[in-house]
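The values are calculated or read from the model by the stated rules, or taken from the named source; none is laboratory data. Not measured: the values here are computed from a predicted model. Every residue, glycine among them, receives a Cβ derived from its backbone with ideal geometry; neighbour counts consider all protein chains shown. Heavy atoms of the whole protein, side chains included, go into the accessibility calculation; ligands, DNA and RNA do not. Shrake-Rupley method; radii C 1.70, N 1.55, O 1.52, S 1.80 Å.
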Amino acid sequence: RIAGFKPAISELHESEFKGLDAGVLELGDPAARQKQGFLVSHDDKKLYLLAGDPIDASRSVAELKSEKRAEMEKLVAGMPVRGNPSGKVIVVEYSDFQCPYCRQAYLNVGTMLKSNPEVRFYYLNFPLSSIHPWALPAAIHSVCAARQGADNFWRLHDGLFEHQQEITATNLHQKSLELIQPQGKFDAAAFTACSTDPKTADYQSAAAQVKTSS
């Protein structure tokens with residue numbers, strides 16, 4: 001058992017599928033709960049984990065693709081983009097700034113974008129805060145940086161991964177300022193309030209944005 005995951009299962013209810021009940025498994029601390037939907041047979045003998053929402057098989061592939069693309073466009077609206085801003089191939093990465101495997105993925109994404117000019121790339125936060133103590137604060141920092149321009153976001157994004165081993169929960173904010181400030185227009189005071197002061201509306205909305213993407 002991993003400390004801090006605090007698993008909980010929502011109350012089961014009748015699903016739209018005959019013979020199956022539906023529920024949600026939640027893991028992690030209250031600040032960033034991770035949710036996994038599932039279906040279970042009435043006799044509790046068969047369990048089906050859901051990778052996403054059930055698909056209406058009565059609809060055409062074209063309809064489903066169009067709907068999913070619209071959902072994806074809504075999800076990434078306003079987020080900084082890398083690669084081809086008008087590229088028809090959309091790649092969305094859900095990632096954690098403190099995760100060592102995510103750091104490797106960051107390096108691979110750079111290679112992928114160089115060799116695929118048709119790709120439009122977005123980064124969305126998925127911090128595993130129960131095992132990575134500065135992942136959630138880093139995610140909030142990244143949202144606050146993005147609100148001051150895409151260049152600020154990508155400088156922080158790249159820097160957090162490149163200097164991952166040097167960063168701690170204690171020095172995260174100072175390191176973030178160092179990674180962003182040397183270039184471009186940047187309001188350090190506004191960034192500090194947004195990324196570190198839970199009493200401000202900017203912080204609360206940034207935290208809510210991270211929770212939505214997670």
Can you pull the one-decimal nm distance between simple spin-label points at Gln174 and His42, each 7 Å off the Cα toward Cβ? 6.3
Work through the residues other than Asn125 whose Cβ is under 12 Å from its Cβ and net out their charges, Lys, Arg +1 and Asp, Glu -1. -1
Segment 179-214 and segment 39-107 have their Cα centres apart by a whole-number Å value of 25
Computing the accessible area with a 1.4 Å probe over protein heavy atoms, can you report the carbon and sulfur percentage for segment 159-214? 51
Please give the solvent-accessible surface of Thr212 in Å², to the nearest 10, using a probe radius of 1.4 Å with every protein chain present. 110
Dipole of the chain, positive end: most advanced residue of Ile140, Ser66, Ser86 [Cβ charges, Cα centre]: Ser86
Ignoring ligands, DNA and RNA, what accessible area per residue does the chain give at 1.4 Å, in Å²? 60
Just to be sure I understand the model, the point goes 7 Å from the Cα along the line to the Cβ. What's the resulting Thr196 to Val92 distance in nm? 3.2
Could you give P(r) for the chain, binned at 10 Å from zero, as whole percent values over all Cα-Cα pairs? 7, 27, 32, 22, 10, 2, 0
Cα-based helix-to-principal-axis angle, 61-76 vs the chain, degrees rounded to 10: 40
For the chain, what is the relative contact order in percent, using Cα pairs closer than 8 Å and at least 6 residues apart in sequence? 16
Cα point-scatterer Debye curve for segment 95-214, base-10 log of I(q)/I(0) at q = 0.09 Å⁻¹: -0.23
Given charges of +1 on the Cβ of Lys and Arg and -1 on the Cβ of Asp and Glu, with all other atoms neutral, how large is the dipole of the chain about its Cα centre, in debye to the nearest 20? 380
Residue separation between Ala57 and Lys74 times 0.36 nm, minus their alpha-carbon distance, gives in nm 3.8 nm
Need one number: % antiparallel among DSSP beta bridges in the chain, to the nearest 5. 70
Which net charge results when you count Lys and Arg as +1 and Asp and Glu as -1 among the other residues whose beta-carbon is under 11 Å from that of Val91? 0
So how tilted is helix 201-213 from the main axis of the chain? Cα-based, degrees 0 to 90, rounded to 10. 50
Residues in segment 144-158, backbone N under 18 Å from the label point at Ala188 (7 Å along the Cα-to-beta-carbon vector): list them, ranges by number please. 144-146, 148-149, 152-153, 155-156
Put Tyr48, Tyr203 in order of accessible area, largest first, probe 1.4 Å, and you get Tyr48, Tyr203
Would you tally the net charge around Ala190, using a Cβ to Cβ cut-off of less than 10 Å, leaving Ala190 out, and scoring K and R as +1, D and E as -1? -1
Can you give the accessible area of Glu162 in Å² (nearest 10), computed on protein heavy atoms with a 1.4 Å probe? 100
Peptides 196-202, 134-140: what's the order by average Cβ count within 10 Å, highest mean first? 134-140, 196-202
Leu49 to Leu25: extension gain in nm, 0.36 nm per residue of separation minus the Cα-Cα distance? 7.7 nm
